[in-house]
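Enquirer: Sending over a structure as structure tokens; questions will come in a sec.
What follows draws every value from the coordinates through simple rules; no lab data is involved. From a predicted model like this one, the values you see are computed outputs, not experimental measurements. Note: ideal-geometry Cβ built from the backbone for every residue, glycine included; neighbour counts use all protein chains shown.
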């Protein structure tokens, strides 16, 4: 059964809030909604977005999840990533990259 998009957004927000990443559920919900829009757009094309890297610097990225734009072969396991990690194909670096959802700048 396919999950309702609202369920996905609220589940992600609740997990982020419970993990202590945000002071209020409202903040977690706003970021979860922005993440959902970002991933949905990446599944159908190229998206520019900004996130904070682990070292604290800000990175402007251009990425996709649309198979027609991915130029390298996909290898590795099919294991699921943690709920707070978003994987994407970086078109500038021509490699797969990831970022933490709580570091997305909406």
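Enquirer: For every helix of n ≥ 4 consecutive DSSP H residues, a contribution of -39,500 (n - 2.57) applies; sum these over the chain, divide by its total residues, and give [θ] at 222 nm rounded to the nearest 500 deg cm²/dmol. Provide the component values of the computation, followed by the final result.
Expert: Numbers: 2 runs with 32 residues, N = 106.
Only helices count here, giving -10000 deg cm²/dmol.
Enquirer: What does the C-alpha gyration tensor say about the overall shape of segment 63-106? Classify as rounded when a/c is under 1.5, otherwise prolate if a/b is larger than b/c, or oblate. All intermediate terms of the calculation are to be shown ahead of the outcome.
Expert: Working: a/c = 2.40, a/b = 1.28, b/c = 1.88.
Oblate, since a/c reaches 1.5 and b/c is not below a/b.
Enquirer: To continue, here is another question. Using 0.36 nm per residue, how much length does the chain from residue 18 to residue 5 gain when fully extended, once their Cα-Cα distance is taken away? Walk me through the numbers on the way to the answer.
Expert: Values: separation 13, 0.36 × 13 = 4.68 nm, distance 2.00 nm.
Stretched fully, the residue 18-residue 5 segment lengthens by 2.7 nm.
Enquirer: Show me the ranking of peptides 77-86, 32-41, 5-14 by mean Cβ neighbours inside 10 Å, starting with the highest.
Expert: Numbers: 77-86: 10.0, 32-41: 17.9, 5-14: 14.7.
Averaged packing, sorted descending, gives the order 32-41, 5-14, 77-86.
Enquirer: Take every DSSP beta bridge with both residues inside the chain and express the antiparallel ones as a percent of the total, to the nearest 5. Walk me through the intermediate numbers first.
Expert: Working: 17 of 17 bridges.
Approximately 100 percent, going by the DSSP bridge assignments.
Enquirer: Can you compute the modelled spin-label distance between residue 66 and residue 52, with each label point 7 Å from Cα toward Cβ, in nm?
Expert: 3.1 nm
Enquirer: Let me ask another. Label point 7 Å out from residue 59 along Cα-to-Cβ: which residues of segment 1-44 have amide N under 18 Å?
Expert: 35, 38-39, 42
Enquirer: Of (i) 76, 27, 19; (ii) 40, 40, 24; (iii) 53, 38, 25, which is the value of Cα extents along the principal axes in Å derived from the coordinates here?
Expert: The calculated read-out lines up with (ii).
Enquirer: Still on this structure, please answer the following. Give the separation of the Cα centroids, segment 45-78 to segment 1-33, in Å.
Expert: Going from one Cα centre to the other spans 21 Å.
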